[in-house]
1. In chain B, which longest range has no trypsin sites (Lys or Arg not before Pro) that are both DSSP loop (not H, G, I, E or B) and surrounded by at most 15 other Cβ atoms within 10 Å?
2. Along the axis that rotates chain A into chain B, which residue of chain A has the nearest beta-carbon, and what is the gap in whole Å?
3. Specify whether the C-alpha gyration tensor of the range A:32-150 places it in the rounded, prolate or oblate class, a ≥ b ≥ c being the square roots of the eigenvalues: rounded for a/c under 1.5, otherwise prolate if a/b is larger than b/c and oblate if not.
4. Cut-off under 26 Å on the C-alpha distance; same-chain residues fewer than 8 positions from A:Lys82 excluded. Which lysines are left, in chain and number order?
5. In whole Hz, with x marking every Gly and Pro, tabulate ³J(HN,Hα) for the range A:33-43 from phi via Karplus 6.51 cos²θ - 1.76 cosθ + 1.60, θ = phi - 60°.
6. Please list, short to long, the whole-number percent of alpha-carbon pairs of the protein assembly as shown in consecutive 10 angstrom bins beginning at zero.
7. Residues of B:61-71, mean number of Cβ from any other protein chain within 10 Å of their own Cβ, rounded to a whole number?
8. Between B:Arg109 and B:Gln89, what is 0.36 nm times their sequence separation minus the Cα-Cα distance? Round to one decimal in nm.
2 protein chains.
Amino acid sequence: MLEVNPQPESGPAPSDQRAGVSIAEAARRTGVSVHTLRYYERAGLVAMPVGRTAGGRRRYHQIDLEWIVLCTRLRATGMPIKTIRRYAQLVSAGYGNEQERLALLEAHRAEVAARLAEVRENLRLIDRKIDVYRGRLDADTAVGAGPDAE
Amino acid sequence: MLEVNPQPESGPAPSDQRAGVSIAEAARRTGVSVHTLRYYERAGLVAMPVGRTAGGRRRYHQIDLEWIVLCTRLRATGMPIKTIRRYAQLVSAGYGNEQERLALLEAHRAEVAARLAEVRENLRLIDRKIDVYRGRLDADTAVGAGPDAE
DNA sequence: CTAGGATTTAGAGCGTGCTCGAAGTCAATC
DNA sequence: GATTGACTTCGAGCACGCTCTAAATCCTAG
């Protein structure tokens, strides 16, 4: 699952002023690889098209970077690419579909909440197993081996 | 991610006595498909080999079913197949490697905890977005459209 | 004995989300 | 003007975790 490691800005921001930044710089700032940035665009996650220079190079502006970061947040909660694309489409369609966007987000939140609960539950089980091993190791050379089990 | 829907036992358990159950029955009881049961075995997740009939059919006993269920729990927390295999190997190697098992489980728990925290954090962000949409919709026909944003 | 359904194996196929490669273009520097 | 390196597109490749197929075998009922 795509590691996101945005670098904190240092220095005077490479030619940021009114021109936007290169894809390499966007990658550095969002923590998303240039490959993935282009992939996200191809995949339709980037609703509002990123600007281009005369020569065809992408120029990322603040709003683009923020959108990308939002995408990474949604991904980090397990939202599939397809769903993010749908959301991007709604957003790019402009005003009038806020109910739909809200429904999409609420549906996702419900799923995330359900998964969280499930993971927490199963984590409890793992914790118990850990406790068993800890106990077994504490009492290691005590009696001649505990019960079988796993 | 593999849906696990174990069926609650009903009735007198189809020929359960001292013979173990068929793969179909094991699938029903664990909520794992027969395909996946075989796949898990091939993949080395099932340390202690499942018994076979004279004719070569698998017979699942209680302990086998419990192990499978454990695998589903580990999977549900995101443990990769590889790691479960490693764990299975340790378990099948018998006594003497409890430290290693413990370390494996603790490492996994740490990862799960970290992911949980991350998801919770990002979920908060989504919640805020939901609130924004809710607010916007509440005040729908109020002023002529809010600020742009996403 | 036979039909039919469950099970076996090995291997192929698939969905998802990246990740990479090739071949060509752009742009800053010497 | 030439070199060099970042950038472009587009398609292929990859890792993961299943999921399915084919052809053969087993086993139970009739």
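The values are calculated or read from the model by the stated rules, or taken from the named source; none is laboratory data. Because the structure is a prediction, the values reported are computed rather than measured. Please note: Cβ atoms are built from the backbone with ideal geometry, for glycine as well, and neighbour counts cover all protein chains shown. Areas reflect the complete protein model, heavy atoms only, side chains present, ligands, DNA and RNA absent. Shrake-Rupley method; radii C 1.70, N 1.55, O 1.52, S 1.80 Å.
1. Of all site-free stretches, the longest is B:58-150.
2. A:Leu116, 3
3. Taking the square roots of the gyration eigenvalues as a ≥ b ≥ c, the range A:32-150 is prolate.
4. Hits, sequence-local ones excluded: B:Lys129.
5. Along the range A:33-43, the couplings run 5, 4, 4, 6, 4, 5, 4, 4, 5, 4, 6 Hz.
6. The distribution over the protein assembly as shown is 5, 20, 23, 20, 15, 11, 5, 1, given as percents.
7. 1
8. Once the chain is fully extended between B:Arg109 and B:Gln89, it gains 5.3 nm.
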